[in-house]
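Report on the following structure.
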Amino acid sequence: MSFLEIANLQKDFGGTRVVKDFDLSVEKGEFVSFLGPSGCGKTTTLRMVAGFEQPSSGVIRIDGRDVVNLKPNQRNIGMVFQAYALFPNMNVAQNVGFGLKVAGRPKAEIDARVAEMLEIIKLPHLAERYPFQLSGGQQQRVALARALAVRPQVLLLDEPLSALDAKIRVSLREEIRAIQKKLGITTIYVTHDQEEALSMSDRIVVMSEGRADQIGTPFEIYNRPTTRFVASFVGTLSTLEGKVVDPAAGTVSIGDSTVSLGYRLADRQAGDAITLALRPEAVTLGRDEARGAHLSGTIRDVSFLGSVIRVRVAVGSGTLSLDIFNTPSAPPPEPGDLVTVSFAPGDLLVMED
């Protein structure tokens with residue numbers, strides 16, 4: 001039996017269903033991210049697990065116990081919010097120990113646990129400071145320590161890094177993942193940042209319009225998207241419009257070129273329109289015979305991104321994006337240049353409706 005089970009979960013607001021038939025099983029110690037755009041239902045789902053929202057229907061079990069009708073403080077859950085939600089009149093140590101104090105734990109136990117948590121978040125030297133004396137990253141560390149101090153069965157994080165600048169976010173997400181692994185705590189993490197989800201998670205739930213579009217490992221979500229939404233939302237994706245030439249042989253035409261996908265196109269007929277997609281890293285500039293598939297096009301634009309240069313190539317009625325390394329001795333191509341791009345046919349994704 002999974003440690004956290006969510007089955008047939010639904011939530012209605014004023015006649016509008018914002019979470020629809022949501023199912024998820026999470027193993028003990030697993031780190032699962034809810035990923036999706038604003039309004040997709042990820043935070044509402046998290047709040048139902050936490051007990052801040054009552055489901056319209058469905059089941060939520062933690063370690064075999066149904067918690068749907070339990071109050072948040074009866075669920076043994078730790079919560080970290082986007083806003084740090086620290087008590088401004090309490091110092092760091094008092095904030096971390098607040099949940100233990102409310103639970104009536106002995107002072108010696110509270111002091112020992114607070115010291116332990118401050119060591120884990122690497123802030124023991126700031127125990128006497130108040131929230132206004134801390135940076136945003138430090139405040140979020142304290143919020144994390146406070147959530148973990150009560151030894152929750154499940155840790156919930158609702159976009160905890162979105163208010164921080166880019167460098168601090170990268171550093172803190174690594175720390176959160178390291179702490180989660182060290183403690184072995186079952187964790188649900190809500191984010192709209194695909195890089196966060198891909199780098200931190202054991203599994204990702206990609207949500208769209210209240211539903212879980214796809215659940216899988218970061219590798220599966222990125223490389224084997226099962227819906228058009230997942231393919232377009234996770235990572236950069238170029239789409240190309242083509243036509244089926246021979247469905248049995250798996251050949252399609254893109255612009256003036258014909259490409260063999262290497263497998264039969266079931267439920268397709270010759271002449272059918274087909275949408276194909278490629279990731280930038282799957283495409284190389286120039287004719288590479290080892291890649292097996294080639295298309296001719298025109299450089300549309302070139303964007304300097306630092307260590308890499310993003311090149312967009314007009315191919316037929318679509319545009320392909322690809323990345324090349326920034327080499328000071330070799331200037332990038334210019335808009336309007338005629339070029340050939342190469343890729344492996346197996347890297348083409350067929351987009352289903």
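Bear in mind that the values in this text are calculations on the coordinates, not laboratory data. Fair warning: this is a prediction, and the values are worked out from it, not measured in the lab. With ideal geometry, Cβ positions are generated from the backbone for all residues, glycine too; neighbour counts draw on all protein chains shown.
The table below gives the values:
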read-out: ³J(HN,Hα), Karplus 6.51/-1.76/1.60, whole Hz, each residue of region 281-296, x for Gly, Pro; value: 6, 8, 10, 10, 8, x, 8, 10, 4, 5, 6, x, 9, 9, 9, 9
read-out: Size of electric dipole in the chain: Cβ of Lys, Arg +1 and of Asp, Glu -1, about Cα centre, debye, nearest 20; value: 1340
read-out: Gaussian network model of the chain, springs between alpha carbon atoms under 10 Å - residue of 118, 295, 305 with greatest fluctuation; value: 305
read-out: Relative contact order of the chain, pairs being alpha-carbon contacts under 8 Å that are 6 or more residues apart, as %; value: 15
read-out: Burial order of peptide ranges 101-112, 272-283, 123-134 (average beta-carbon count within 10 Å, highest first); value: 272-283, 123-134, 101-112
read-out: Per-residue ³J(HN,Hα) for region 49-54, Karplus 6.51 cos²θ - 1.76 cosθ + 1.60, θ = phi - 60°, Hz, x for Gly and Pro; value: 5, 6, x, 7, 10, 8
read-out: Cα centroid of region 65-101 to Cα centroid of region 211-225, whole Å; value: 31
read-out: Cα-based shape type of region 192-239, given that a ≥ b ≥ c are square roots of the gyration tensor eigenvalues and the cut on a/c is 1.5; value: rounded
read-out: Amide H contacts of residue 205 (H built 1.01 Å from N, under 5 Å, at least 5 apart or other chain); value: 33, 34, 35
read-out: Packing-based order for 77-88, 320-331, using average beta carbon neighbours within 10 Å, highest first; value: 77-88, 320-331
read-out: FRET E, pair residue 107, residue 69, Förster distance 45 Å, beta-carbon r, rounded to 0.05; value: 0.85
read-out: Choice from 304, 22, 34 with maximal GNM fluctuation in the chain (Cα, 10 Å cutoff); value: 304
read-out: Percent breakdown of C-alpha pair distances by 5 Å bin, ordered from the shortest bin, for region 1-148; value: 2, 9, 16, 17, 16, 14, 13, 9, 4, 1, 0
read-out: Intensity falloff of region 126-237 expressed as log10 I(q)/I(0), Debye formula with alpha-carbon point scatterers, at q = 0.20 Å⁻¹; value: -1.12
read-out: Karplus-derived 3J(HN,Hα), 6.51/-1.76/1.60, for each residue of region 175-191, Hz, glycine and proline x; value: 5, 4, 5, 5, 5, 4, 5, 4, 8, x, 8, 5, 9, 10, 10, 9, 7
read-out: Taking region 135-281 and dividing mean pair separation by its residue count, relative contact order in percent (alpha carbons under 8 Å, at least six apart); value: 14
read-out: Lys pairs under 20 Å by Cα in the chain, provided they are eight or more residues apart or on distinct chains; value: 10
read-out: Whether region 195-353 is rounded, prolate or oblate, judged on the alpha carbon gyration tensor where a/c under 1.5 counts as rounded; value: oblate
read-out: Length-normalised contact order for region 49-198 - Cα pairs under 8 Å, 6+ apart - percent; value: 27
read-out: Computed lengthening from residue 224 to residue 269, 0.36 nm per intervening residue step minus Cα-Cα distance; value: 13.8 nm
read-out: Given charges at Cβ of Lys, Arg, Asp, Glu: region 24-120 dipole, positive-most of 25, 69, 108; value: 69
read-out: Mean residue ellipticity (222 nm) of the chain, computed from DSSP H runs ≥ 4 via -39,500 (n - 2.57), nearest 500; value: -7000 deg cm²/dmol
read-out: Cα-based Kirkwood hydrodynamic radius, region 155-203, one decimal, Å; value: 11.0
read-out: Inter-part distance where region 137-167 and region 239-295 are each reduced to a Cα centre, Å; value: 45
read-out: Among beta bridges that DSSP assigns inside the chain, antiparallel share in %, nearest 5; value: 75
read-out: Spherically averaged projected area in nm², based on the convex hull that wraps the Cα atoms of region 106-162; value: 4.5
read-out: Sparse-neighbourhood loop sites, trypsin sites (Lys or Arg not before Pro) in region 18-96 - DSSP loop, at most 16 other Cβ within 10 angstrom; value: 28
read-out: Cα-based shape type of region 1-83, given that a ≥ b ≥ c are square roots of the gyration tensor eigenvalues and the cut on a/c is 1.5; value: rounded
read-out: Packing-based order for 240-247, 52-59, using average beta carbon neighbours within 10 Å, highest first; value: 240-247, 52-59
read-out: Potential extension, residue 174-residue 236 segment - 0.36 nm per residue separation minus Cα distance; value: 20.0 nm
read-out: Cα-based Rg of the chain normalised by 2.2 N^0.38 Å, two decimals; value: 1.21
